[in-house]
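Everything on this sheet refers to the single structure shown next.
The values are calculated or read from the model by the stated rules, or taken from the named source; none is laboratory data. Note that this is a predicted model, so its numbers are computed, not measured. Positions of Cβ are generated from backbone atoms using ideal geometry, with glycine treated the same way; all protein chains shown enter the neighbour counts. Surface accessibility is based on the protein's heavy atoms, side chains included, excluding ligands, DNA and RNA. Shrake-Rupley method; radii C 1.70, N 1.55, O 1.52, S 1.80 Å.
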There are 2 protein chains.
Amino acid sequence: MLTIKEIAEMANVSRSTVSRFLNDSGYVSEEARKRIDKVIKETGYIPSEHAKSLRTKKTKVIGVILPTIHTETSSKIVAGIDNELAKQGYQILLANTNLDKEKEIEYLDLLKVRQVDGIILVATNTEERLVKKVQEMNLPIVIIGQHMPGVTSVVYDDFHASKEITNYLVEKGHKKIAFIGVDETDRSVGYFRKKGYYSAMNEHRLEVNSTWVQTAIFDIDSGYKAMKRILTKSSILPTAVFAVTDRLAIGAMSYLKEQGLIVPDDIAVASIGASEISRYVDPSLTTVDYHNEMAGKQAAKQILAIISKTEYQEKILLNYRLIIRNSV
Amino acid sequence: MLTIKEIAEMANVSRSTVSRFLNDSGYVSEEARKRIDKVIKETGYIPSEHAKSLRTKKTKVIGVILPTIHTETSSKIVAGIDNELAKQGYQILLANTNLDKEKEIEYLDLLKVRQVDGIILVATNTEERLVKKVQEMNLPIVIIGQHMPGVTSVVYDDFHASKEITNYLVEKGHKKIAFIGVDETDRSVGYFRKKGYYSAMNEHRLEVNSTWVQTAIFDIDSGYKAMKRILTKSSILPTAVFAVTDRLAIGAMSYLKEQGLIVPDDIAVASIGASEISRYVDPSLTTVDYHNEMAGKQAAKQILAIISKTEYQEKILLNYRLIIRNSV
DNA sequence: AGCTAATGTGGAATCGATACCACAAAAATA
DNA sequence: TATTTTTGTGGTATCGATTCCACATTAGCT
């Protein structure tokens with residue numbers, strides 16, 4: 001590989017001069033400039049980023065830790081991050097945990113070793129150990145999707161979004177509303193969305209039958225099964241169901257159809273996510289748009305601000321938008 | 001940051017010894033080993049990857065260039081790659097071209113500068129300049145999705161998949177079959193899939209009305225518009241349509257529904273992709289499963305084989321599977 | 001005992017860049 | 001003309017690791 005030394009020799013200057021030329025730091029005469037430029041163009045020389053980072057301690061790489069890469073939410077977030085970072089010449093080093101909480105912690109170290117300039121963590125939980133680790137990282141870091149004390153974060157307004165969509169179901173005349181959620185260790189999706197649902201139900205003095213509330217994991221099939229449990233175990237059948245993600249809602253609808261029930265006439269379905277297909281399932285899904293790309297974009301902006309030590313907010317609360325379609 | 005020098009001092013040995021300990025190269029006495037181990041555990045020292053790569057010329061990072069990150073295909077491929085690479089302690093440096101062909105070439109250089117150990121390119125075209133660049137890279141590289149002479153590649157069997165699904169439509173009694181494709185500079189999705197379609201039509205001596213063949217781009221809305229063009233411009237209406245991707249098919253179905261046409265009774269729809277939602281649209285989509293995760297996995301295996309100089313094939317042709325559902 | 005081989009250790013060069021500093025020449029100012 | 005400033009250049013230390021080599025000590029074998 002070509003090095004700065006060879007370029008220097010070929011252009012008849014010192015390594016220092018070439019370096020100054022490359023970084024536009026300090027004086028370089030017009031003559032020298034031309035010679036160096038010519039040699040570099042001819043040889044196609046590109047300086048080694050590693051040597052550079054070794055000295056400067058900067059890599060222009062941001063580590064991104066994802067719980068899973070093949071969901072629409074994740075890829076939209078990454079797209080948002082990437083767009084913003086690319087503008088500044090930063091790149092993404094990807095770490096996929098596959099929903100393994102242990103790896104979330106592990107990868108923080110791994111990325112640090114790679115000397116990334118910062119880390120964006122799309123978090124699924126707020127376990128003690130993770131929070132502690134994050135706080136001790138001593139490296140610019142931004143969390144997406146969960147609140148952590150003292151850590152810069154970009155969060156969705158899960159409580160209010162959830163409450164609003166439940167309210168909407170009530171407005172539409174539903175009194176018996178079921179809920180498909182996920183484990184509460186996921187504070188945002190699990191805990192706050194459930195709280196929003198209960199809060200709305202309480203305010204309207206509506207009863208929540210315990211069999212109406214089911215816990216699922218994140219895939220479509222799990223939504224199917226949860227809906228099945230609701231229908232088979234409940235003595236009083238609900239007239240509406242709110243699922244915390246689109247995928248769960250799609251699974252639920254799939255079971256309802258199988259049972260010959262009509263959505264929304266027999267049972268209304270609503271969810272959160274606004275995935276692309278939510279428009280194309282039949283009936284189209286009433287859901288909440290969370291602006292995932294915006295989340296990625298904001299997180300990227302924050303991390304760049306932290307790195308460049310310009311001002312940044314500690315907490316960014318994203319807004320959301322209710323999308324009314326035909327499933328309610 | 002902690003360096004090897006400090007560890008050496010604290011453990012009362014030389015840097016060489018610490019290095020030998022870390023890499024299990026050469027002799028280290030039991031005593032020294034214990035002392036070093038203790039110091040490292042206590043301090044939480046982690047060696048700098050940059051310094052390491054500077055000397056060893058290895059980074060354990062693979063660059064992945066994607067045309068777009070927020071499609072299911074892409075994220076599945078990346079998931080496949082990631083799974084395989086993670087086993088060997090490799091990580092992914094992501095580069096997203098946003099379908100910009102210029103960037104595809106640019107990123108090859110950019111990743112090289114970062115001294116990645118290899119590159120996996122999910123290609124959308126086989127333009128002269130790109131091919132030339134790839135061949136000149138002088139770095140382990142694997143292409144997914146397109147054929148390139150002299151370059152290791154993992155490809156789908158577009159021609160036969162396309163032919164088979166067209167044949168299936170014919171078997172089902174359709175004689176007037178429309179086609180929604182994409183630009184032919186995308187050899188795989190654009191050119192070969194179209195060829196497969198024509199080949200099947202020819203073999204059955206079926207006529208192809210020119211208005212039946214429409215070109216779209218990759219999103220759902222574009223499928224909608226293409227379907228609209230087919231219906232509005234054709235004097236003889238087709239009884240089936242084959243779209244080269246699920247998203248296009250979903251767009252097409254959405255238009256058909258809007259027009260009050262019943263799928264599959266009035267018009268049958270088939271496509272390629274087997275995206276998760278293809279099961280959940282109504283009617284569920286007859287499509288071809290391309291095993292995208294497998295593509296990623298194979299590409300990762302190939303690149304690791306090239307790096308470690310073990311044996312590898314120049315071309316891997318993936319198999320596919322027809323999934324028969326209700327849209328035909 | 002005498003000699004080769006195995007075991008252990010540290011010094012120093014090296015990877016490819018940056019950055020500080022000394023110094024020379026030319027230009028600007030007194 | 002003398003002196004300060006500006007412009008331009010190269011030498012050298014440095015970043016944090018690895019690796020080769022020299023050298024010492026211990027063990028193993030006639």
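Within segment B:50-72, the set of residues being free of Cβ contacts under 8 Å to residues at least 40 places away in the same chain and either more than 14 Å from chain A (Cβ to nearest Cβ) or closer than 19 Å to A:Q115 by Cα (or both) comprises B:H50, B:A51, B:K52, B:L54, B:R55, B:T56.
Can you spot a residue in segment A:41-49 that is without any contact (Cβ under 8 Å) to a residue 12 or more places away in the chain, among the polar types (S, T, N, Q) and assigned to a helix (DSSP H, G or I)? No, segment A:41-49 contains no residue that is without any contact (Cβ under 8 Å) to a residue 12 or more places away in the chain, among the polar types (S, T, N, Q) and assigned to a helix (DSSP H, G or I).
Report the residue count in segment B:173-183 for those that are more than 22 Å from B:E203 (Cα to Cα) and surrounded by 15 or more Cβ atoms within 10 Å (Cβ to Cβ).
Restricting attention to segment B:173-183, the residues satisfying the condition of being more than 22 Å from B:E203 (Cα to Cα) are B:182-183.
Then drop every residue that is not surrounded by 15 or more Cβ atoms within 10 Å (Cβ to Cβ), which leaves B:182.
Matching residues across segment B:173-183 total 1.
Taking segment A:9-32 as the range and being open to solvent by less than 70 Å² (accessible area, probe 1.4 Å) and within 19 Å of B:V113 (Cα to Cα) as the test, the residues that pass are A:V18, A:S19, A:F21, A:L22.
Taking (1) among the charged types (D, E, K, R); (2) crowded, with 20+ Cβ neighbours inside 10 Å; (3) on the phi > 0 side of the Ramachandran plot in turn, B:K297 satisfies each apart from (3). Among the criteria (1) over 14 Å from B:I272 (Cα atoms); (2) under 26 Å from the mean Cα position of the chain (by Cα), the one B:K233 does not fulfil is (2). Considering (1) within 16 Å of DNA strand D (Cβ to nearest atom); (2) surrounded by 21 or more Cβ atoms within 10 Å (Cβ to Cβ), the lone condition that A:K5 does not fulfil carries the number (2).
A single member of A:I46, A:I81, A:I40, A:I4 is within 14 Å of chain B (Cβ to nearest Cβ), aliphatic (A, V, I, L, M) and more than 16 Å from DNA strand C (Cβ to nearest atom), and it is A:I81. Among the conditions (1) buried (at least 19 other Cβ atoms within 10 Å of the Cβ); (2) under 30 Å from B:Q91 (Cβ atoms); (3) more than 10 Å from DNA strand D (Cβ to nearest atom), A:K60 misses just one, which is (1).
Look at B:R35 and say whether it is among the basic types (K, R), surrounded by 16 or more Cβ atoms within 10 Å (Cβ to Cβ) and farther than 19 Å from B:M137 by Cβ. Explain how you work it out, then say what you get.
Values: among the basic types (K, R): yes; surrounded by 16 or more Cβ atoms within 10 Å (Cβ to Cβ): yes; farther than 19 Å from B:M137 by Cβ: yes.
The answer is yes for B:R35.
A single member of A:V208, A:V244, A:V213 is open to solvent by less than 10 Å² (accessible area, probe 1.4 Å), modelled with pLDDT of 95 or more and not assigned by TED's automatic domain parsing to the domain that holds A:E72, and it is A:V244.
For segment B:106-116, indicate whether the set of residues that are among the aromatic types (F, W, Y) and open to solvent by less than 10 Å² (accessible area, probe 1.4 Å) is non-empty.
Restricting attention to segment B:106-116, the residues satisfying the condition of being among the aromatic types (F, W, Y) are B:107.
Adding the requirement that they be open to solvent by less than 10 Å² (accessible area, probe 1.4 Å) leaves none.
Checking segment B:106-116: not a single residue is among the aromatic types (F, W, Y) and open to solvent by less than 10 Å² (accessible area, probe 1.4 Å).
Look at segment A:267-287: where a residue is more than 13 Å from B:M253 (Cα to Cα) and at the interface with chain B (Cβ under 8 Å from one of its Cβ atoms) and a partner is open to solvent by 10 Å² or more (accessible area, probe 1.4 Å) and not in a strand (DSSP E or B), sitting 6+ places away or on another chain with Cβ atoms under 7 Å, you get A:E276/A:E72. Only one of the numbered conditions (1) surrounded by fewer than 22 Cβ atoms within 10 Å (Cβ to Cβ); (2) closer than 26 Å to A:S275 by Cβ; (3) in contact with a strand residue (DSSP E or B) (Cβ under 8 Å, 6 or more places away or on another chain) is not met by B:D221, and that is (3). Would you point out the residue of segment A:7-18, among those that are near DNA strand C (Cβ under 8 Å from one of its atoms) and touching a residue at least 12 places away in the same chain (Cβ under 8 Å), that is farthest from A:V39 (Cα to Cα)? Looking at the filtered set, the residue picked out is A:V18. B:S234 satisfies every condition listed in (1) crowded, with 21+ Cβ neighbours inside 10 Å; (2) more than 14 Å from chain A (Cβ to nearest Cβ) except (1). Here A:K52 does not fit the description of being surrounded by fewer than 18 Cβ atoms within 10 Å (Cβ to Cβ) and either assigned to a helix (DSSP H, G or I) or within 13 Å of DNA strand D (Cβ to nearest atom) (or both). Could you please let me know if A:K87 is touching a residue at least 12 places away in the same chain (Cβ under 8 Å), over 22 Å from B:S275 (Cα atoms) and more than 7 Å from every other protein chain (Cβ to nearest Cβ)? Answer is no for this residue.
Just a yes or no: is a residue in segment A:311-320 touching a Ser or Thr at 6+ places or on another chain (Cβ under 9 Å), within 22 Å of A:E171 (Cα to Cα) and either among the aliphatic types (A, V, I, L, M) or not assigned by TED's automatic domain parsing to the domain that holds A:R193 (or both)?
Taking segment A:311-320 first, the residues touching a Ser or Thr at 6+ places or on another chain (Cβ under 9 Å) are A:312-316.
Pick out the ones that are also within 22 Å of A:E171 (Cα to Cα) and you get none.
Checking segment A:311-320: not a single residue is touching a Ser or Thr at 6+ places or on another chain (Cβ under 9 Å), within 22 Å of A:E171 (Cα to Cα) and either among the aliphatic types (A, V, I, L, M) or not assigned by TED's automatic domain parsing to the domain that holds A:R193 (or both).
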